[in-house]
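Below you'll find the structure, written out as structure tokens, and then a few comments.
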Amino acid sequence: MQDTPPMSAREFMDAVIRLALIALLIMLCWRVMSPFINLVIWSVTAAIALYPAHQAIAKRAANKQGLASTILLGAMFLMFGAPTAMLASSLVTTVQGVETRYENGELHVP
């Protein structure tokens, strides 16, 4: 078994400084990425869940992966976008009705 020479004080300090800088970079990366962790988890979950559907669509589209992705994205947009647009429209109508009642003096806030 070979004996390694002892580490000098300068080499030890260099190693400690490098480890401290690496730890600092990891902490800064975590602070930047932490707001997006939930989004990443949901995205990975959706990708795993939708992969069989994507492959089935691609099989019917002559193995065109891009076309399958476009079709799946369009379906997802309609599935989530249409109800969101309807909800937003309903919210605007309700707020306009409340505003009209307030301006006419019919709305009394206790």
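All of the numbers you see were taken from the coordinates with simple rules; none came from a lab. As the structure is a computational prediction, the values presented were derived from the model and not from experiment. Note that each Cβ is placed from the backbone with ideal geometry, even for glycine, and that neighbours are counted across all protein chains shown.
Cα axis of helix 37-60 to longest principal axis of the chain: angle in degrees, 0 to 90, nearest 10?
Roughly 70 degrees, rounded to the nearest 10.
Averaging over every viewing direction, what projected area does the convex hull of the Cα atoms of region 38-110 cover, in nm²?
For region 38-110, the mean projected area of the Cα convex hull comes to 7.8 nm².
Top mean-square fluctuation among Thr70, Thr94, Thr84, Gaussian network model of the chain, C-alpha springs under 10 Å?
It is Thr94.
Using helices alone, I'd like the mean residue ellipticity at 222 nm for the chain: each DSSP H run of four-plus residues gives -39500 (n - 2.57), total over residue count, nearest 500.
Roughly -29000 deg cm²/dmol at 222 nm, from the helical runs in the chain.
Taking neighbour Cβ counts within 10 Å as the exposure measure, how do Lys64, Lys59 sort from fewest upward?
Exposure proxy ranking, most exposed first: Lys59, Lys64.
Report, in degrees rounded to the nearest 10, the 0 to 90 angle that the Cα long axis of helix 65-103 makes with the longest principal axis of the chain.
Relative to the chain, helix 65-103 is tipped by roughly 50 degrees.
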